[in-house]
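Written below as structure tokens is the structure these notes are about.
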Amino acid sequence: MLETGVRQVRVAMAMVFGRRLNVRAVERLVADALATLEEFGSLGDDVDELADGPFADPAERRDLQNRALQRTVSRLAKRSPFYRERLAGIDLDGLTTETLTRIPVTRKADLIERPADFLCSAPYLATQTTGTTGRPVQMWLSRYEMELWPALIALSVVLRGDIRPGDRMQINLSSRATAAVQEDVEVCRMVNASCHVVGQVPPEESVEHLLGRNGTRPTLLTGNPSYLARMLTAARQRGYGPDDFGLRAIYAGGEIVSPAFVRALRETFGAETIGDNFGMTELLPVGGRTCSRRHLHIDPNMGYTEVLDLETGEPAGPGRLGELTVTPYYPYRECMPVLRYNTGDLVRTLDGEPDCELAAVPAVSQILGKAGSLLRTADSVVTPREIVEALDGTPGMPWPLRHRAAVADGRLHVEVASRDATAAEVTERLLARGIEARVTVLPLDDEEAARRFPLRCDLLEHTFTRSHA
Amino acid sequence: MTVFFQIAATAALALAVVVGTIAYFRAVRAARPPVGVFNGKDIFMMMGFVLALPYVYLALPGAVLPVVLALVFAGGLSVGYQPLIGNGRLRWALISVLIASVLVTHLAFGETAPPYWVANSCVVGLVVVSATNLNVQGGMRLKNVAWFLLLLAVYDAFFAWVVPLTQELAEAVQGYPYAPAAGLRIGEDLGAVVGMGDLLAYALFTTTAYKAYAKPGLRTGIALVVLFGAVAPVAALHLIAAATGDAPGLIPAQVFFGPAAFIGYLFLSRRGPERRMVDVPFRGNRAAAVRQAPVRSAEAHPVA
């Protein structure tokens, strides 16, 4: 207990003063948390405060954010060729959250064009985005980052009870997402859970693994929503229901998760918790969680989050749409850090303070889609999320929803792939949400639908078991 | 007469503290940090404190020492009894009365008078009860305590007989209130004093034995406290005095109790693994009980 206290102080001091964290100390804190659970059956008092970090008080948070930004910007100006150039001539003295807007945002195109100019330390592992929304971005990570992040995540999940010793996690992420997969594997190791990296194999095989016929049944499942949707379809086609699975929680992220999809996952797989998490390779280890009020709460301990107004590019006012822009702090990100990275993700700022169970953590709306996909009709503005939420779960439409929405002549035009649903039904579903649209239903087979409307789940990996490689 | 009085008074003081500690353990759950369980490495840290503290005390000017001790006692009482008396003002008022009573009785009756020793013993006893519970309820195991007491026996013997630090400390606090000891003195001839460290050792061993092995642990603990914490040291004092004709200034009780406690632990450990805090039934208030409700690990169920 005394030793744990000393360790906590060491880690907290490093966080507050922005020094590199001692990874072993963080890993030992995970072990301490597990020992606490083993001895007491629960963690001690004020565990939420520990999990949410020292940023619960807004004034304290602002002070720490300013110092973290100054530290991060100063390091980038010295070490990153890209930012040395970008920051030249900008007054960086006494940089604060208010004056951060002096620095232009970084976009995905910058990373694609000049990846080597972002390197600030010795690279260890390359990881790549899926490329669903354009050319993939390759990110290099240092050995320190690949050791630190899983330790921090493991501590967080143990403190929040998301993963427990004895859990078994099935990982259905693309093998290209090396960092995310390795993180999950390492987290399981530290938490004394087990894991099975299945990948994005044909979904019916993943469902078979979930049944645990070869050993133990997974209690946790993680994957992209569209792939999970394919698993859901495969499970339903085989007549499986909640009693066939041992899932406690499903963690999805990277695509829009609608309430109808959450319900369907619960009904089919029997998992109580469906976590809709936000994370991007470019921004790791900054991440976000969705609360019961459907806010996205982005961890303020490891990065600074801004919402930039779509019209002005300045910080968006309350209740406004904007693009999510994030700056991960040093010392959490050191190899290929980005500054004011414009994710292109569309969110709405909250009109007031959040009043949910995660109220201590700053929040925005859930991701509403990509800013480039915002639909401006003659009468209204429609977000991609609104379309997905209106159509997900439509009788006769398969999971995942495959569609495209565009505006032509001021009118919204929605194309959906379905062999059963009619245009009238789809139109009615949209109208019920106040969305007027011209609807085309394309009776495509699965392969053709995937070709016309690609999703992350289409990055399939073949196996010798069933697929036709 | 003296030997029986000393045995009875020492046993009574030790048992009173032990009973108080067990009662607290059964009825109250102290606040604990979000993460952390008492482990073997903490024993070394505790030993570090034990080694350093006498030197710190001796380095202080004479009149400052009682002030420091009074502040330490008050702080210990405030932390330890917060779960029992949640109202901070009331708690501090009671603590002030207790601390003041020691000073008043010392000034009014003198350092050897029964009222002073009764007041001081009450304060010391209450501090030991809370300190013990903070440690044991922090997950301290009997194994940790047994090793700690064994090291303490060596420490006590060394600093009593090789380097007379304990004697120096006893002399340093003489004449001042807030002695780190409990005792009773009646008249000129009858007197018995037990050091606060010894009381802490008895309470720690008995409570962790109870935590680890329930009633068999408690019975073993109490028997060892009476035999090796009260009877053996007092008897040894008088036997040495009878044999040499010169009564030793003090007998380090841990020299008897430490090895006995360690053997007691080895004996008890044959019963099986120690209970964890989550296995100990709690009869306290409902809110605390809910906090303590066990959250069992999720299991990955094997499928036939």
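The values are calculated or read from the model by the stated rules, or taken from the named source; none is laboratory data. Quick caveat, the model's predicted, so the values are computed rather than measured. Here Cβ is always computed from backbone atoms with ideal geometry, including for glycine, and neighbour counts include all displayed protein chains.
Does A:Phe278 meet the test of being aromatic (Phe, Trp, Tyr) and closer than 30 Å to A:Asn66 by Cβ?
Numbers: aromatic (Phe, Trp, Tyr): yes; closer than 30 Å to A:Asn66 by Cβ: yes.
So A:Phe278 passes the test.
Taking B:Asn87 and the conditions (1) in contact with a helix residue (DSSP H, G or I) (Cβ under 8 Å, 6 or more places away or on another chain); (2) away from chain A (no Cβ under 14 Å); (3) within 30 Å of B:Pro281 (Cβ to Cβ); (4) modelled with pLDDT under 90, which numbered condition does it fall short on, given that it satisfies the others?
All conditions pass for B:Asn87, except number (1).
Part of a loop (DSSP other than H, G, I, E, B), hydrophobic (A, V, I, L, M, F, W, C), surrounded by 18 or more Cβ atoms within 10 Å (Cβ to Cβ) and in contact (Cβ under 8 Å) with a residue 40 or more places away in the chain, is that true of B:Ala30?
So B:Ala30 passes the test.
Which one is surrounded by the fewest Cβ atoms within 10 Å (Cβ to Cβ), of the residues in segment A:184-214 that are within 12 Å of chain B (Cβ to nearest Cβ) and touching a Phe, Trp or Tyr at 6+ places or on another chain (Cβ under 9 Å)?
Going through the qualifying residues, I end up with A:Leu211.
Out of all the residues in segment A:71-92, is one or more outside any helix (DSSP H, G or I) and within 14 Å of another protein chain (Cβ to nearest Cβ)? Steps first, answer last, please.
From segment A:71-92, those outside any helix (DSSP H, G or I) are A:80, A:88-92; that's our starting set.
Then keep just the ones that are within 14 Å of another protein chain (Cβ to nearest Cβ); that gives none.
No, segment A:71-92 contains no residue that is outside any helix (DSSP H, G or I) and within 14 Å of another protein chain (Cβ to nearest Cβ).
Kindly indicate the residue of segment A:288-311 that is without any contact (Cβ under 8 Å) to a residue 60 or more places away in the chain and out of contact with any helix residue (DSSP H, G or I) (no Cβ under 8 Å at 6 or more places or on another chain) and also surrounded by the fewest Cβ atoms within 10 Å (Cβ to Cβ) among those meeting that condition. Can you show your working first?
Taking segment A:288-311 as the starting set, the residues that turn out to be without any contact (Cβ under 8 Å) to a residue 60 or more places away in the chain are A:288, A:303, A:305, A:307, A:309, A:311.
Of the ones still in play, those that are also out of contact with any helix residue (DSSP H, G or I) (no Cβ under 8 Å at 6 or more places or on another chain) are A:288, A:305, A:307, A:309, A:311.
Values: A:Gly288: 27, A:Thr305: 22, A:Val307: 22, A:Asp309: 15, A:Glu311: 10.
So, considering only residues that are without any contact (Cβ under 8 Å) to a residue 60 or more places away in the chain and out of contact with any helix residue (DSSP H, G or I) (no Cβ under 8 Å at 6 or more places or on another chain), the one surrounded by the fewest Cβ atoms within 10 Å (Cβ to Cβ) is A:Glu311.
Hey, among A:Ala229, A:Ala235, A:Ala260, which residue is in a helix (DSSP H, G or I), small (Gly, Ala, Ser) and surrounded by fewer than 20 Cβ atoms within 10 Å (Cβ to Cβ)?
Working: A:Ala229 fails: surrounded by fewer than 20 Cβ atoms within 10 Å (Cβ to Cβ); A:Ala235 fails: surrounded by fewer than 20 Cβ atoms within 10 Å (Cβ to Cβ).
Going through A:Ala229, A:Ala235, A:Ala260 in turn, just one is in a helix (DSSP H, G or I), small (Gly, Ala, Ser) and surrounded by fewer than 20 Cβ atoms within 10 Å (Cβ to Cβ): A:Ala260.
Pairs needed: first member in segment A:24-46, touching a residue at least 60 places away in the same chain (Cβ under 8 Å) and facing chain B (nearest Cβ under 7 Å); second member anywhere, part of a helix (DSSP H, G or I) and of a type in the set (D, E, K, R); C-beta distance under 6 Å; at least 6 residues apart or different chains.
These pairs meet every condition: A:Leu29/A:Arg7.
Determine if segment B:60-83 includes at least one residue that is at pLDDT 85 or above, on the phi > 0 side of the Ramachandran plot, over 18 Å from the mean Cα position of the chain (by Cα) and surrounded by 19 or more Cβ atoms within 10 Å (Cβ to Cβ).
no
For B:Val128, are the conditions met, namely being β-branched (Val, Ile, Thr) and over 19 Å from the mean Cα position of the chain (by Cα)?
Details: β-branched (Val, Ile, Thr): yes; over 19 Å from the mean Cα position of the chain (by Cα): no.
For B:Val128, the condition - β-branched (Val, Ile, Thr) and over 19 Å from the mean Cα position of the chain (by Cα) - is not met.
May I ask you to list the residues in segment A:359-378 that are over 17 Å from the mean Cα position of the chain (by Cα) and either in a loop (DSSP other than H, G, I, E, B) or surrounded by fewer than 20 Cβ atoms within 10 Å (Cβ to Cβ) (or both)? Please lay out each step first, then the result.
First, pick out the residues of segment A:359-378 that are over 17 Å from the mean Cα position of the chain (by Cα): A:359-360, A:372-378.
Matches in segment A:359-378: A:Ala359, A:Ala360, A:Gly372, A:Ser373, A:Leu374, A:Arg376, A:Thr377, A:Ala378.
Among residues belonging to segment A:215-226 that are within 14 Å of chain B (Cβ to nearest Cβ) and assigned to a strand (DSSP E or B), point out the one that is farthest from the chain's Cα centre (by Cα). Explain how you work it out, then say what you get.
Of the residues in segment A:215-226, the ones within 14 Å of chain B (Cβ to nearest Cβ) are A:215-221.
Those left that are additionally assigned to a strand (DSSP E or B): A:216, A:220-221.
Numbers: A:Thr216: 28, A:Leu220: 17, A:Leu221: 15 Å.
Selected residue: A:Thr216.
A quick yes/no check of all residues on (1) of a type in the set (D, E, K, R); (2) exposed (fewer than 15 other Cβ atoms within 10 Å of the Cβ); (3) at pLDDT 50 or above:
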| position | (1), (2), (3) |
| --- | --- |
| B:Thr244 | no, yes, yes |
| B:Pro248 | no, yes, yes |
| B:Phe282 | no, no, yes |
| B:Val290 | no, yes, no |
| B:Ala298 | no, no, no |
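Which residue is surrounded by the most Cβ atoms within 10 Å (Cβ to Cβ), if the candidates are limited to segment B:131-169 and must be within 14 Å of chain A (Cβ to nearest Cβ) and more than 16 Å from the chain's Cα centre (by Cα)?
Filtering segment B:131-169 for residues that are within 14 Å of chain A (Cβ to nearest Cβ) and more than 16 Å from the chain's Cα centre (by Cα), the one surrounded by the most Cβ atoms within 10 Å (Cβ to Cβ) comes out as B:Gly139.
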